[in-house]
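> Provided herewith is a single structure, encoded as structure tokens, for subsequent inquiry.
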Amino acid sequence: MDTDKEDSTSWWERVKYYAQLAIERVEFGVNAVKELLSTLTSDERCGVMLKFEDINPEKFAQLVTDAPDWVEWRG
């Protein structure tokens, strides 16, 4: 059994799930998104933000406008 592939798949599924949650939280403000991201690893945060932009570029643009320092959240 290839556990690396399974781990990779489950990691990516988590990232997609959290990206969707982040998108939903934009309407509640920057701090709601930041709070969600603070519970994730730095790799997950980076993946979430990349997937967020991919899934919903309009809301991502709104977040970037509201929080120009969002890049710092990835670290």
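> When a/c reaches 1.5 or more, the comparison of a/b and b/c decides; with that in mind, is the stretch 19-63 rounded, prolate or oblate per its Cα gyration tensor?
Values: a/c = 2.19, a/b = 1.15, b/c = 1.90.
Since a/c reaches 1.5 but b/c is at least a/b, the shape of the stretch 19-63 is classed as oblate.
> For the chain, what is the mean residue ellipticity at 222 nm derived from helices alone (per DSSP H run of n ≥ 4: -39500 (n - 2.57); sum divided by total residues; nearest 500 deg cm²/dmol)? Walk me through the numbers on the way to the answer.
Values: 4 runs with 55 residues, N = 75.
Helix contribution divided over all residues of the chain: -23500 deg cm²/dmol.
> Measure out, as a whole number of angstrom, how far apart the alpha-carbon centroids of the stretch 48-75 and the stretch 14-34 sit.
10 Å
> Roll a 1.4 Å probe over the protein heavy atoms and report the accessible area of Asp66 in Å², nearest 10.
90 Å²
> Using a 1.4 Å probe over the heavy atoms of the protein chains, calculate the carbon and sulfur portion of the accessible area of the stretch 3-73 as a whole percent. Spell out each step's value before the answer.
Working: 2240 of 4440 Å².
Accessible surface attributable to carbon and sulfur in the stretch 3-73 totals 50 percent.
> Using R₀ = 22 Å, calculate the FRET efficiency as 1/(1 + (r/R₀)^6) where r is the Cβ-Cβ separation of Ile55 and Trp11; round to 0.05. Numbers along the way, then the final one.
Numbers: r = 17 Å, r/R0 = 0.77.
That gives a FRET efficiency of 0.85.
> I've got another one for you. So what is the accessible area of the chain per residue, in Å², with the probe set to 1.4 Å?
Accessible surface, normalised per residue, equals 65 Å².
> Also, quick follow-up: Sequence gap at least 6, Cα distance under 8 Å: using those rules, report the relative contact order of the stretch 3-73 to the nearest whole percent.
On the way: 41 pairs, mean separation 25.2, N = 71.
Answer for the stretch 3-73 is 35 percent.
The values are calculated or read from the model by the stated rules, or taken from the named source; none is laboratory data. Small disclaimer: the values here were computed from a predicted structure and weren't measured. We place every Cβ from the backbone using ideal geometry, glycine too, and count neighbours over all the protein chains shown. Just the protein is used for accessible areas: all its heavy atoms, side chains included, with ligands, DNA and RNA removed. Shrake-Rupley method; radii C 1.70, N 1.55, O 1.52, S 1.80 Å.
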